[in-house]
Structure formats: structure tokens, C-alpha cells
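Visitor: Before I ask anything, let me first share the structure, which is written out below as C-alpha cells.
Taken together, the values in this text are just the output of simple stated rules run on the coordinates, not laboratory data. These figures come from a predicted structure and were not determined experimentally. Cβ placement follows ideal geometry from the backbone for every residue including glycine, while neighbour counts extend to all protein chains displayed.
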Amino acid sequence: MTSVSVRVASSEADLAACYAVRTDVFVVEQSVPESIEYDTYDAVAVHVLAVGPDGEALGTGRLLHGPEALAKTGSPEVGSLGRLAVRKSARGLGVGVALVRAIEAEAAGLGLTAVDLGAQTHALGFYERLGYVAYGPEFQDAGIPHRSMRRPLA
């Protein structure tokens, strides 16, 4: 893996970098309408940001917990990982793994017992290698097929 650091987005500049990565990956690359990419959950989520040695934003993801996650997970003890995005130029370098593990660490620090996510079906193998197990039927989100997945935290 290239030299990547992952941190909780704690400033307006960090959040802007997170949103820029999401725009590049979801809105531009995957044609997700911007009107549904950004939502009210962004204001309450824990956002993480991966940056390269030059400070370039390479990837991002977010964690919902508490009442915001309850609607998605069905349990107050389960967090919801979402909006995981890695710029095309940084794929295959371990950035996605580092982001997932950072989100899981945040979830564990909040006392959560598991993390749920909705994985694009082409990414199921990636999440399975990280210990996530698919459940439930395939569903559409922004016109893209997804499956729900969950991983218990130690």
C-alpha cells in the first residue's frame, strides 16, 4: 500500500475533500444524481478521509450511529457504513481497506457491536474479504444493484 493516512474529517476543509471525492466517484463516474448523493445524514455522520503523502484526498466514507443508523440497521447497537468512495487513481492501493477499518474503529469506540452497509453488488467480494456477510435480497439504490451486509465487531 502506498503511504496513506486516514483520519476523521474534523474541519470544513476535510469535509469539502470528502464531498469532492464522493462527487468524483458517485456523481461523475457512476452517474448518481447529486440531489440524492448528499442528504441530511451528512450533517450528523462521522466522516473519514484518506489522504496520500502529498495531502491529496484519495477516499472517504461515513458512519451513521444512534437514531440515524437505527432506521437503516434496525438496532441501536449497529452502525451504518456508507458513501465509501476511492478515487480511480487510488484503487488497488489498500485505501478502501484502510477506510473500512477506520470506520469500524470509530464504531467500536462508540460502543457499537456491528457495522452494516449496503454494498454495490460488484463490490461484494471486497467486503466479504473484510469479514462482511451478505443478507437479504438484492435492492436498487440510485439505480445500482446493492446487497445488505453486516460484520460483527470484536
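Visitor: What's the FRET efficiency of I144 with A114 using the Cβ-Cβ distance as r and R₀ = 25 Å, to the nearest 0.05? Each step should come with its number before you reach the end.
Guide: Numbers: r = 24 Å, r/R0 = 0.95.
E(calc), rounded to 0.05, equals 0.60.
Visitor: What is the distance, in nm, between label points placed 7 Å from the Cα along the Cα-to-Cβ direction at E34 and at F126?
Guide: Here the answer is 2.4 nm between the modelled labels.
Visitor: Can you give the local net charge around R7? Use residues other than it whose beta-carbon is closer than 11 angstrom to its beta-carbon, Lys and Arg +1, Asp and Glu -1.
Guide: On the way: positive: none; negative: D14, E106.
Taking every Cβ under 11 Å from that of R7, the sum is -2.
Visitor: Restricting to Cα pairs below 8 Å that are 6+ residues apart, what does the relative contact order work out to for region 5-152? Please round to a whole percent. Show your work: numbers first, answer last.
Guide: Numbers: 256 pairs, mean separation 28.3, N = 148.
It comes to 19 percent, rounded to a whole number.
Visitor: By the gyration tensor of its Cα atoms, with a ≥ b ≥ c the square roots of the eigenvalues, what is the shape of the chain: rounded for a/c under 1.5, prolate for a/b over b/c, or oblate?
Guide: Values: a/c = 1.32, a/b = 1.21, b/c = 1.09.
Judged from the Cα gyration tensor, the chain comes out rounded (a/c under 1.5).
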